[in-house]
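The values are calculated or read from the model by the stated rules, or taken from the named source; none is laboratory data. Model, not experiment: these values are computed from the prediction. Positions of Cβ are backbone-derived with ideal geometry, glycine not excepted, and every protein chain shown enters the neighbour counts. Note: areas computed on protein heavy atoms with side chains; ligands, DNA, RNA excluded. Shrake-Rupley method; radii C 1.70, N 1.55, O 1.52, S 1.80 Å.
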Amino acid sequence: MLNRRSLCRTILLLLAILPWAARGADTRELRVVGTHFARVYEHRVPDGYVGLGPDLLREIGKRLGATVRFEIYPWARAQLIVEQGEADILVGPYKTPERERRFSFSDKAFYQDHMLFYSRAGGVGHWSGNYSTLHGKRIAIVHGWAYGPSFDQARSVLHLSTAQTLENGLLMVLHEHVELLASNERNTNAMLASMGMTGKIVAIPQIIEVQNGYFAFPRMPRYDDLRTRFNVEFNRMVASGELAKIARQHNVHVP
């Protein structure tokens, strides 16, 4: 049995150790989730996780004294995992008002996409940017994707169908279930090549929206310190030109 003096000494010792234990938790493993984003976040056998996102996160993790564990899921599932605080970082979401209510975003974006319409070769060859001219046309969008404020404002006048994946959306266009697919250029060109469909489905040059992709964190107070320290290191990489250098290696646009 501890006497009162010994008990007090034990309590004081624990109080002295706890801040160091908490600091040690900063060097924990970071759980990172995302979905397949060409050149941004990919899982390849036997290379493991590759792309701009994993390269940046490995470097930032090293600077934070943390190891990084990557996982890949369908996009809606990946978002839910982070929203519920089951993972630390979500790779690549575009920022929307709805998502800002669900996540805390990094200070700066780390890549940039052009959103375009895609059609069968010889199909809808031109779009001026006026959504009213698309009235009555069947348009596929991908589940869980964000297309920007101008597209969102036009949804009420568009005939939209939801594809569960980008691949499904492209097949809907190919088999004429829809006339157009709204997607981003980076992912779509890579998917067309992998499906052997380059030239069969083509982009309409007029840009729907320019979207910036971020890292996102659970919107919970216990993640505030991680996000703050992450931003310090990531902002240094942006300012030093390291982000731009790594992005060039992956052929990814940066803001």
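Within the range 81-103, can you find the residues that are under 23 Å from G148 (Cβ atoms) and in contact with a strand residue (DSSP E or B) (Cβ under 8 Å, 6 or more places away or on another chain)?
V82, E83, L90, V91, G92, P93, Y94, K95, R99, F103
Name every residue in the range 89-113 that is among the β-branched types (V, I, T) and touching an Asp or Glu at 6+ places or on another chain (Cβ under 9 Å), in order of residue number.
Scanning the range 89-113 gives a single hit, T96.
Here is a yes/no grid of residues against (1) under 26 Å from H250 (Cα atoms); (2) at pLDDT below 95:
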site	(1), (2)
N3	no, yes
P46	yes, yes
D55	yes, no
W75	yes, yes
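Within the range 186-233, restricting attention to residues that are polar (S, T, N, Q), assigned to a strand (DSSP E or B) and touching a residue at least 40 places away in the same chain (Cβ under 8 Å), which residue is least open to solvent (accessible area, probe 1.4 Å)?
The residue in question is Q211.
Please go through the range 142-161 and give me each residue that is under 21 Å from P93 (Cα atoms) and either touching a Pro at 6+ places or on another chain (Cβ under 8 Å) or not in a strand (DSSP E or B) (or both), ordered by number.
Answer for the range 142-161, where residues must be under 21 Å from P93 (Cα atoms) and either touching a Pro at 6+ places or on another chain (Cβ under 8 Å) or not in a strand (DSSP E or B) (or both): H143, G144, W145, A146, Y147, G148, P149, S150, F151, D152, Q153, R155.
When both residues are 6+ apart or on different chains and their Cβ atoms are under 7 Å apart, which pairs have a first residue that lies in the range 49-69 and is part of a loop (DSSP other than H, G, I, E, B), and a second that is surrounded by fewer than 16 Cβ atoms within 10 Å (Cβ to Cβ)?
These pairs meet every condition: G65/D26; G65/T27; A66/T27; A66/R28; A66/E29.
I'd like to verify a number: residues in the range 114-150 that are in contact (Cβ under 8 Å) with a residue 60 or more places away in the chain, closer than 14 Å to I201 by Cα and open to solvent by 40 Å² or more (accessible area, probe 1.4 Å), how many?
Counting residues in the range 114-150 that are in contact (Cβ under 8 Å) with a residue 60 or more places away in the chain, closer than 14 Å to I201 by Cα and open to solvent by 40 Å² or more (accessible area, probe 1.4 Å) gives 4.
All but one of (1) in contact (Cβ under 8 Å) with a residue 12 or more places away in the chain; (2) open to solvent by 20 Å² or more (accessible area, probe 1.4 Å) hold for G85, so report the exception by its number.
(2)
Restrict the check to the range 235-252 and report whether at least one residue is touching a residue at least 24 places away in the same chain (Cβ under 8 Å) and either at positive phi or part of a strand (DSSP E or B) (or both).
yes
Taking the options L166, L180, L170, name whichever one is of a type outside the set (D, E), free of Cβ contacts under 8 Å to residues at least 40 places away in the same chain and open to solvent by less than 40 Å² (accessible area, probe 1.4 Å).
Only one candidate qualifies: L166.
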